[in-house]
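Read the structure below first, then the notes.
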Amino acid sequence: MGNAPRIGIIGVGVISGVYLETLTARSDARVTAIADLDTARAASAASGIPGARALDVPGLLADPHVDVVLNLTIPAAHADIALAAIANGKHVYGEKPLAVDLASGRRVMDAATVAGVRVGSAPDTVLGTGTQTARAVIDEGRIGRPIAATAVMSSPGPESWHPNPDFYFLPGGGPLMDMGPYYISALVHLLGPVTAVVGSASRLRGERVIGSGPRAGERIPVDVDTHVSGILEHAGGALSTLTTSFDSVRSGAAPIEIHGETGSLSVPDPNTFSGNVLFCPLGSRDWELVGDRAGYVDAARGIGLLDMLAAPSEGEVRASGRLALHTLEVMTAVLESARTGARVTLDTTVERPPLVPLGSSFELTEL
Ligand SMILES: NC(=O)c1ccc[n+]([C@@H]2O[C@H](COP(=O)([O-])OP(=O)(O)OC[C@H]3O[C@@H](n4cnc5c(N)ncnc54)[C@H](O)[C@@H]3O)[C@@H](O)[C@H]2O)c1
(Lines give C-alpha, C1' and ligand atoms only; values in the text may rest on other atoms or scores of the structure.)
Protein backbone atom coordinates (compact mmCIF):
# COMPACT_ATOMS: atom_id res chain seq x y z
CA MET A 1 0.00 0.00 0.00
CA GLY A 2 2.91 2.37 0.67
CA ASN A 3 3.50 3.12 -3.00
CA ALA A 4 -0.10 2.59 -4.14
CA PRO A 5 -0.92 5.18 -6.81
CA ARG A 6 -3.06 7.93 -5.28
CA ILE A 7 -6.01 8.81 -7.48
CA GLY A 8 -7.93 12.08 -7.44
CA ILE A 9 -11.27 12.04 -9.25
CA ILE A 10 -12.71 15.16 -10.87
CA GLY A 11 -16.38 14.85 -11.89
CA VAL A 12 -18.64 12.44 -10.01
CA GLY A 13 -21.75 12.18 -12.18
CA VAL A 14 -23.53 9.18 -13.71
CA ILE A 15 -20.47 7.21 -14.81
CA SER A 16 -18.37 7.73 -11.67
CA GLY A 17 -20.08 4.99 -9.65
CA VAL A 18 -18.75 2.13 -11.73
CA TYR A 19 -15.21 3.58 -11.67
CA LEU A 20 -15.38 3.88 -7.90
CA GLU A 21 -16.44 0.24 -7.62
CA THR A 22 -13.45 -0.88 -9.70
CA LEU A 23 -10.92 1.32 -7.95
CA THR A 24 -12.04 0.88 -4.35
CA ALA A 25 -11.94 -2.92 -4.81
CA ARG A 26 -8.15 -2.75 -5.36
CA SER A 27 -5.75 -2.83 -2.44
CA ASP A 28 -2.93 -1.46 -4.60
CA ALA A 29 -4.58 1.83 -5.61
CA ARG A 30 -6.14 4.50 -3.42
CA VAL A 31 -8.74 7.17 -4.14
CA THR A 32 -7.50 10.06 -2.02
CA ALA A 33 -9.50 13.05 -3.27
CA ILE A 34 -12.70 13.92 -5.09
CA ALA A 35 -13.78 17.21 -6.67
CA ASP A 36 -16.78 18.37 -8.67
CA LEU A 37 -18.21 21.75 -9.62
CA ASP A 38 -21.15 20.50 -7.55
CA THR A 39 -19.43 20.49 -4.15
CA ALA A 40 -22.27 18.62 -2.44
CA ARG A 41 -21.90 15.81 -4.97
CA ALA A 42 -18.14 15.64 -4.31
CA ALA A 43 -18.71 15.59 -0.55
CA SER A 44 -21.27 12.83 -0.83
CA ALA A 45 -18.99 10.67 -3.00
CA ALA A 46 -15.97 11.22 -0.73
CA SER A 47 -17.95 10.36 2.40
CA GLY A 48 -18.36 6.80 1.11
CA ILE A 49 -14.62 6.18 0.57
CA PRO A 50 -12.28 5.72 3.53
CA GLY A 51 -9.29 8.06 3.22
CA ALA A 52 -10.83 10.24 0.49
CA ARG A 53 -11.31 13.98 0.96
CA ALA A 54 -13.66 16.30 -0.94
CA LEU A 55 -11.69 19.22 -2.37
CA ASP A 56 -12.40 22.00 -4.81
CA VAL A 57 -11.02 21.49 -8.34
CA PRO A 58 -7.91 23.73 -7.99
CA GLY A 59 -7.25 22.16 -4.58
CA LEU A 60 -7.33 18.64 -6.01
CA LEU A 61 -5.15 19.59 -8.98
CA ALA A 62 -2.48 20.99 -6.62
CA ASP A 63 -2.84 18.31 -3.94
CA PRO A 64 0.46 16.57 -3.12
CA HIS A 65 -1.47 13.41 -2.17
CA VAL A 66 -2.71 12.91 -5.74
CA ASP A 67 -0.46 11.19 -8.31
CA VAL A 68 -3.01 10.68 -11.07
CA VAL A 69 -6.15 12.61 -11.95
CA LEU A 70 -9.16 10.61 -13.15
CA ASN A 71 -11.14 13.05 -15.29
CA LEU A 72 -14.83 12.08 -15.42
CA THR A 73 -16.18 15.51 -16.31
CA ILE A 74 -18.24 16.30 -19.40
CA PRO A 75 -16.46 16.32 -22.80
CA ALA A 76 -16.22 20.14 -23.03
CA ALA A 77 -14.11 20.16 -19.83
CA HIS A 78 -11.86 17.19 -20.65
CA ALA A 79 -8.94 19.08 -22.23
CA ASP A 80 -8.83 21.95 -19.72
CA ILE A 81 -8.87 19.59 -16.74
CA ALA A 82 -6.23 17.35 -18.37
CA LEU A 83 -3.98 20.33 -19.14
CA ALA A 84 -4.31 21.63 -15.58
CA ALA A 85 -3.49 18.19 -14.17
CA ILE A 86 -0.43 17.91 -16.41
CA ALA A 87 0.67 21.43 -15.45
CA ASN A 88 0.65 20.20 -11.84
CA GLY A 89 2.87 17.24 -12.78
CA LYS A 90 0.11 14.63 -12.50
CA HIS A 91 -0.64 11.69 -14.76
CA VAL A 92 -4.14 11.85 -16.15
CA TYR A 93 -6.73 9.36 -17.36
CA GLY A 94 -9.99 10.69 -18.71
CA GLU A 95 -13.32 9.69 -20.07
CA LYS A 96 -13.79 9.91 -23.81
CA PRO A 97 -13.38 11.83 -25.99
CA LEU A 98 -9.86 13.09 -25.24
CA ALA A 99 -11.05 16.60 -26.21
CA VAL A 100 -13.85 18.09 -28.27
CA ASP A 101 -11.52 19.35 -30.99
CA LEU A 102 -8.26 18.07 -32.43
CA ALA A 103 -6.17 21.14 -31.53
CA SER A 104 -7.06 20.74 -27.84
CA GLY A 105 -6.28 17.02 -27.98
CA ARG A 106 -2.87 17.76 -29.48
CA ARG A 107 -2.20 20.36 -26.75
CA VAL A 108 -2.91 17.75 -24.07
CA MET A 109 -0.54 15.21 -25.63
CA ASP A 110 2.20 17.77 -26.29
CA ALA A 111 2.01 19.07 -22.71
CA ALA A 112 2.22 15.52 -21.35
CA THR A 113 5.30 14.79 -23.43
CA VAL A 114 7.04 17.92 -22.12
CA ALA A 115 6.01 17.15 -18.52
CA GLY A 116 6.94 13.46 -18.77
CA VAL A 117 3.57 12.27 -17.47
CA ARG A 118 1.23 9.61 -18.85
CA VAL A 119 -2.12 10.27 -20.52
CA GLY A 120 -4.73 7.55 -20.79
CA SER A 121 -8.26 7.70 -22.09
CA ALA A 122 -11.44 5.69 -22.21
CA PRO A 123 -12.71 3.52 -23.71
CA ASP A 124 -11.26 0.58 -21.83
CA THR A 125 -14.16 -1.72 -22.72
CA VAL A 126 -12.11 -2.84 -25.74
CA LEU A 127 -9.56 -4.37 -23.33
CA GLY A 128 -12.15 -6.96 -22.25
CA THR A 129 -12.52 -10.47 -23.64
CA GLY A 130 -14.91 -9.43 -26.47
CA THR A 131 -12.74 -7.19 -28.65
CA GLN A 132 -9.47 -8.81 -27.49
CA THR A 133 -10.62 -12.33 -28.43
CA ALA A 134 -11.58 -11.09 -31.90
CA ARG A 135 -8.16 -9.44 -32.15
CA ALA A 136 -6.47 -12.73 -31.22
CA VAL A 137 -8.42 -14.58 -33.93
CA ILE A 138 -7.28 -12.03 -36.54
CA ASP A 139 -3.67 -12.21 -35.29
CA GLU A 140 -3.79 -16.02 -35.55
CA GLY A 141 -4.55 -15.56 -39.26
CA ARG A 142 -7.89 -17.35 -39.17
CA ILE A 143 -9.70 -14.81 -41.37
CA GLY A 144 -6.68 -14.35 -43.62
CA ARG A 145 -6.02 -10.84 -44.91
CA PRO A 146 -8.67 -8.48 -43.47
CA ILE A 147 -10.55 -6.71 -46.27
CA ALA A 148 -13.40 -4.83 -44.66
CA ALA A 149 -15.35 -4.08 -41.50
CA THR A 150 -18.80 -2.75 -40.74
CA ALA A 151 -19.45 -1.00 -37.44
CA VAL A 152 -22.94 0.16 -36.44
CA MET A 153 -24.10 2.07 -33.37
CA SER A 154 -27.75 2.86 -33.89
CA SER A 155 -30.03 4.17 -31.12
CA PRO A 156 -32.83 6.67 -30.47
CA GLY A 157 -30.40 8.81 -28.39
CA PRO A 158 -29.58 9.15 -24.68
CA GLU A 159 -32.18 11.78 -23.70
CA SER A 160 -34.69 9.15 -22.60
CA TRP A 161 -32.46 7.88 -19.76
CA HIS A 162 -29.76 10.50 -18.99
CA PRO A 163 -31.04 13.16 -16.55
CA ASN A 164 -28.73 15.89 -17.97
CA PRO A 165 -28.27 14.93 -21.65
CA ASP A 166 -27.44 18.46 -22.91
CA PHE A 167 -23.77 17.65 -23.63
CA TYR A 168 -24.71 14.89 -26.06
CA PHE A 169 -26.27 17.48 -28.40
CA LEU A 170 -23.65 20.24 -28.13
CA PRO A 171 -20.41 20.53 -30.15
CA GLY A 172 -18.17 17.72 -28.94
CA GLY A 173 -21.26 15.51 -28.54
CA GLY A 174 -23.40 13.78 -31.16
CA PRO A 175 -23.36 10.04 -31.82
CA LEU A 176 -19.93 10.01 -33.46
CA MET A 177 -18.04 11.95 -30.77
CA ASP A 178 -19.94 10.14 -28.01
CA MET A 179 -19.95 6.53 -29.27
CA GLY A 180 -17.31 6.66 -32.02
CA PRO A 181 -14.45 6.22 -29.52
CA TYR A 182 -15.68 2.68 -28.69
CA TYR A 183 -16.02 1.61 -32.32
CA ILE A 184 -12.94 3.37 -33.69
CA SER A 185 -10.72 2.18 -30.81
CA ALA A 186 -11.95 -1.37 -31.42
CA LEU A 187 -11.29 -1.04 -35.17
CA VAL A 188 -7.73 0.17 -34.47
CA HIS A 189 -7.13 -2.74 -32.07
CA LEU A 190 -8.51 -5.11 -34.73
CA LEU A 191 -7.25 -3.62 -38.01
CA GLY A 192 -4.63 -1.01 -37.15
CA PRO A 193 -4.51 2.75 -37.65
CA VAL A 194 -6.53 4.79 -40.15
CA THR A 195 -4.93 6.89 -42.88
CA ALA A 196 -7.90 8.64 -44.55
CA VAL A 197 -11.68 9.00 -44.24
CA VAL A 198 -14.78 10.17 -46.06
CA GLY A 199 -17.95 11.08 -44.20
CA SER A 200 -21.56 12.17 -44.48
CA ALA A 201 -23.98 13.38 -41.80
CA SER A 202 -27.56 14.50 -41.14
CA ARG A 203 -29.91 15.32 -38.27
CA LEU A 204 -33.51 14.33 -37.62
CA ARG A 205 -34.64 17.07 -35.18
CA GLY A 206 -33.58 20.50 -33.97
CA GLU A 207 -34.50 19.73 -30.36
CA ARG A 208 -34.92 16.79 -27.99
CA VAL A 209 -37.10 16.21 -24.93
CA ILE A 210 -35.52 15.00 -21.66
CA GLY A 211 -37.23 11.78 -20.62
CA SER A 212 -36.14 11.20 -17.02
CA GLY A 213 -35.06 12.89 -13.79
CA PRO A 214 -36.01 16.31 -12.38
CA ARG A 215 -35.86 17.97 -15.83
CA ALA A 216 -38.15 15.43 -17.56
CA GLY A 217 -40.22 17.12 -20.28
CA GLU A 218 -37.70 19.96 -20.79
CA ARG A 219 -36.76 20.68 -24.43
CA ILE A 220 -33.05 21.00 -25.22
CA PRO A 221 -31.43 22.23 -28.44
CA VAL A 222 -29.62 19.94 -30.90
CA ASP A 223 -26.51 21.70 -32.24
CA VAL A 224 -24.81 18.69 -33.85
CA ASP A 225 -25.54 16.11 -36.54
CA THR A 226 -27.20 13.07 -35.05
CA HIS A 227 -26.65 10.52 -37.84
CA VAL A 228 -23.06 10.21 -39.06
CA SER A 229 -21.52 7.69 -41.47
CA GLY A 230 -17.88 7.37 -42.44
CA ILE A 231 -15.58 5.14 -44.45
CA LEU A 232 -12.23 4.60 -42.74
CA GLU A 233 -9.20 3.52 -44.80
CA HIS A 234 -6.80 1.52 -42.62
CA ALA A 235 -3.04 1.60 -43.21
CA GLY A 236 -3.14 -2.16 -43.86
CA GLY A 237 -5.62 -1.68 -46.72
CA ALA A 238 -8.89 -2.72 -45.04
CA LEU A 239 -11.92 -0.42 -45.30
CA SER A 240 -14.27 0.08 -42.34
CA THR A 241 -17.77 1.46 -42.83
CA LEU A 242 -18.92 3.12 -39.61
CA THR A 243 -22.43 4.40 -38.83
CA THR A 244 -23.29 6.13 -35.56
CA SER A 245 -26.83 7.35 -35.02
CA PHE A 246 -29.12 8.85 -32.38
CA ASP A 247 -31.88 8.88 -35.02
CA SER A 248 -32.96 5.26 -35.23
CA VAL A 249 -35.75 3.58 -33.31
CA ARG A 250 -34.20 0.11 -33.29
CA SER A 251 -31.47 -1.93 -35.02
CA GLY A 252 -30.57 -5.59 -35.41
CA ALA A 253 -27.19 -4.86 -37.01
CA ALA A 254 -24.11 -6.58 -35.57
CA PRO A 255 -22.03 -3.98 -33.69
CA ILE A 256 -18.89 -4.93 -35.64
CA GLU A 257 -18.19 -7.48 -38.39
CA ILE A 258 -14.76 -8.10 -39.88
CA HIS A 259 -14.41 -9.77 -43.26
CA GLY A 260 -11.18 -11.42 -44.44
CA GLU A 261 -10.07 -13.59 -47.34
CA THR A 262 -10.76 -16.84 -45.50
CA GLY A 263 -13.37 -15.98 -42.90
CA SER A 264 -15.70 -13.49 -41.27
CA LEU A 265 -15.88 -12.47 -37.61
CA SER A 266 -18.77 -11.06 -35.61
CA VAL A 267 -17.44 -8.91 -32.75
CA PRO A 268 -19.50 -7.98 -29.68
CA ASP A 269 -20.51 -4.43 -28.72
CA PRO A 270 -17.28 -2.50 -28.05
CA ASN A 271 -19.17 -0.54 -25.36
CA THR A 272 -19.16 -3.77 -23.30
CA PHE A 273 -16.21 -5.75 -22.00
CA SER A 274 -17.33 -9.24 -22.98
CA GLY A 275 -19.71 -10.99 -25.35
CA ASN A 276 -19.80 -13.67 -28.00
CA VAL A 277 -17.20 -13.63 -30.75
CA LEU A 278 -18.45 -15.61 -33.76
CA PHE A 279 -16.31 -16.94 -36.63
CA CYS A 280 -17.45 -18.26 -40.01
CA PRO A 281 -14.75 -19.88 -42.20
CA LEU A 282 -14.84 -19.65 -45.99
CA GLY A 283 -17.05 -22.44 -47.34
CA SER A 284 -19.31 -22.61 -44.27
CA ARG A 285 -22.65 -20.85 -43.76
CA ASP A 286 -22.69 -21.19 -39.97
CA TRP A 287 -21.15 -19.03 -37.29
CA GLU A 288 -18.96 -20.86 -34.75
CA LEU A 289 -18.66 -19.55 -31.21
CA VAL A 290 -15.04 -18.70 -30.33
CA GLY A 291 -14.07 -19.26 -26.69
CA ASP A 292 -12.33 -16.45 -24.83
CA ARG A 293 -8.71 -16.22 -26.02
CA ALA A 294 -7.54 -12.82 -24.80
CA GLY A 295 -8.60 -9.85 -22.69
CA TYR A 296 -9.21 -8.83 -19.10
CA VAL A 297 -11.79 -11.20 -17.60
CA ASP A 298 -14.72 -9.77 -15.59
CA ALA A 299 -13.41 -6.27 -16.18
CA ALA A 300 -15.28 -3.00 -15.67
CA ARG A 301 -14.65 0.69 -16.29
CA GLY A 302 -11.45 1.75 -14.57
CA ILE A 303 -9.39 -1.19 -15.91
CA GLY A 304 -7.86 1.14 -18.51
CA LEU A 305 -6.55 3.42 -15.75
CA LEU A 306 -5.16 0.40 -13.86
CA ASP A 307 -3.61 -0.90 -17.10
CA MET A 308 -1.98 2.52 -17.59
CA LEU A 309 -0.60 2.44 -14.05
CA ALA A 310 0.67 -1.13 -14.55
CA ALA A 311 2.29 -0.58 -17.97
CA PRO A 312 6.06 -1.06 -17.86
CA SER A 313 6.51 1.89 -20.23
CA GLU A 314 4.44 4.71 -21.69
CA GLY A 315 4.54 2.95 -25.07
CA GLU A 316 2.78 -0.08 -23.58
CA VAL A 317 -0.21 1.84 -22.19
CA ARG A 318 -3.19 0.30 -24.01
CA ALA A 319 -5.98 2.85 -23.43
CA SER A 320 -3.46 5.53 -24.31
CA GLY A 321 -3.80 9.21 -25.03
CA ARG A 322 -2.05 8.53 -28.35
CA LEU A 323 -4.83 6.14 -29.37
CA ALA A 324 -7.44 8.61 -28.12
CA LEU A 325 -5.84 11.43 -30.16
CA HIS A 326 -5.88 9.25 -33.29
CA THR A 327 -9.50 8.32 -32.60
CA LEU A 328 -10.33 12.00 -32.15
CA GLU A 329 -8.71 12.83 -35.47
CA VAL A 330 -10.69 10.07 -37.20
CA MET A 331 -13.92 11.52 -35.79
CA THR A 332 -13.17 15.16 -36.53
CA ALA A 333 -12.00 14.19 -40.04
CA VAL A 334 -15.26 12.30 -40.73
CA LEU A 335 -17.21 15.39 -39.61
CA GLU A 336 -14.97 17.66 -41.71
CA SER A 337 -15.49 15.42 -44.74
CA ALA A 338 -19.25 15.50 -44.14
CA ARG A 339 -19.08 19.30 -44.08
CA THR A 340 -16.82 19.79 -47.10
CA GLY A 341 -17.56 16.74 -49.22
CA ALA A 342 -13.82 16.02 -49.50
CA ARG A 343 -11.80 12.93 -48.53
CA VAL A 344 -9.55 13.80 -45.56
CA THR A 345 -6.11 12.29 -44.96
CA LEU A 346 -4.95 12.01 -41.35
CA ASP A 347 -1.82 13.38 -39.67
CA THR A 348 -1.82 11.19 -36.56
CA THR A 349 -1.15 7.49 -36.36
CA VAL A 350 -0.70 4.96 -33.59
CA GLU A 351 0.53 1.39 -33.36
CA ARG A 352 -1.96 -1.33 -32.43
CA PRO A 353 -1.87 -1.55 -28.61
CA PRO A 354 -0.38 -4.78 -27.21
CA LEU A 355 -2.85 -7.68 -27.08
CA VAL A 356 -4.19 -8.23 -23.53
CA PRO A 357 -3.30 -11.80 -22.47
CA LEU A 358 -6.32 -13.73 -21.21
CA GLY A 359 -6.62 -13.19 -17.46
CA SER A 360 -7.56 -10.74 -14.81
CA SER A 361 -4.65 -10.17 -12.48
CA PHE A 362 -1.76 -7.77 -12.81
CA GLU A 363 0.30 -5.67 -10.47
CA LEU A 364 0.58 -1.92 -10.44
CA THR A 365 4.09 -0.55 -10.64
CA GLU A 366 5.39 2.71 -9.26
CA LEU A 367 5.43 5.24 -12.09
N1 LIG B 1 -23.25 8.17 -18.55
C2 LIG B 1 -22.74 7.15 -19.18
O3 LIG B 1 -23.37 6.08 -19.33
C4 LIG B 1 -21.35 7.21 -19.71
C5 LIG B 1 -20.78 6.04 -20.17
C6 LIG B 1 -19.48 6.04 -20.62
C7 LIG B 1 -18.78 7.22 -20.64
N8 LIG B 1 -19.34 8.38 -20.23
C9 LIG B 1 -18.54 9.60 -20.31
O10 LIG B 1 -18.26 10.01 -18.98
C11 LIG B 1 -18.17 11.45 -18.93
C12 LIG B 1 -19.12 11.92 -17.85
O13 LIG B 1 -20.42 11.48 -18.19
P14 LIG B 1 -21.56 11.42 -17.09
O15 LIG B 1 -22.68 10.75 -17.75
O16 LIG B 1 -21.01 10.91 -15.80
O17 LIG B 1 -21.87 13.00 -16.97
P18 LIG B 1 -22.63 13.73 -15.80
O19 LIG B 1 -23.11 15.02 -16.35
O20 LIG B 1 -23.57 12.82 -15.10
O21 LIG B 1 -21.44 14.02 -14.75
C22 LIG B 1 -20.38 14.93 -15.01
C23 LIG B 1 -19.91 15.52 -13.68
O24 LIG B 1 -18.79 16.36 -13.94
C25 LIG B 1 -18.98 17.57 -13.22
N26 LIG B 1 -18.26 18.61 -13.98
C27 LIG B 1 -18.54 19.10 -15.21
N28 LIG B 1 -17.62 20.01 -15.57
C29 LIG B 1 -16.74 20.08 -14.54
C30 LIG B 1 -15.57 20.84 -14.32
N31 LIG B 1 -15.10 21.73 -15.22
N32 LIG B 1 -14.90 20.67 -13.15
C33 LIG B 1 -15.35 19.78 -12.23
N34 LIG B 1 -16.47 19.04 -12.38
C35 LIG B 1 -17.14 19.19 -13.52
C36 LIG B 1 -20.48 17.80 -13.19
O37 LIG B 1 -20.84 18.65 -12.12
C38 LIG B 1 -20.99 16.36 -13.00
O39 LIG B 1 -21.06 15.99 -11.65
C40 LIG B 1 -18.49 11.94 -20.33
O41 LIG B 1 -17.30 12.19 -21.02
C42 LIG B 1 -19.22 10.78 -20.97
O43 LIG B 1 -19.01 10.75 -22.37
C44 LIG B 1 -20.61 8.39 -19.73
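The values are calculated or read from the model by the stated rules, or taken from the named source; none is laboratory data. Please read these numbers as outputs of a predicted model, since none were measured by experiment. In case anyone asks, the SASA skips ligands and DNA or RNA and just uses the protein heavy atoms, side chains included. Shrake-Rupley method; radii C 1.70, N 1.55, O 1.52, S 1.80 Å.
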Next on the checklist: What whole-number distance in Å separates the alpha-carbon centres of segment 313-358 and segment 29-70?
Outcome noted: 31 Å
Item to check | Solvent-accessible area per residue for segment 65-161 (1.4 angstrom probe, square angstrom) | outcome: 32 Å²
Checklist entry - What does the accessible area per residue of segment 255-326 come to in Å², with a 1.4 Å probe and no ligands, DNA or RNA counted? => result 40 Å²
Checklist entry - If you roll a 1.4 Å probe over the chain with all protein chains in place, what percent of the accessible area is carbon or sulfur? => result 53 percent
Checklist entry - If amide H atoms are built 1.01 Å from N in the plane of the peptide, which residues on other chains or at least 5 residues away come under 5 Å of the amide H of Gly144? => result Thr262
Item to check | Helix axis angle, 129-139 relative to the chain longest principal axis, alpha carbon, degrees | outcome: 50 degrees
Checklist outcome for this item: The set of residues whose placed amide H lies less than 5 Å from the amide H of Ala294, leaving out same-chain residues fewer than 5 positions away, is Thr133
Checklist entry - What ³J(HN,Hα) values, in whole Hz, does the Karplus curve 6.51 cos²θ - 1.76 cosθ + 1.60 give for segment 157-162 when θ = phi - 60°, with x put for Gly and Pro? => result x, x, 5, 6, 10, 8
Checklist outcome for this item: Expected vector for segment 222-237, Karplus 3J(HN,Hα) from phi with 6.51, -1.76, 1.60 and θ = phi - 60°, integer Hz, x for Gly and Pro, equals 10, 10, 9, 5, 10, 9, 10, 10, x, 10, 10, 9, 7, 4, x, x
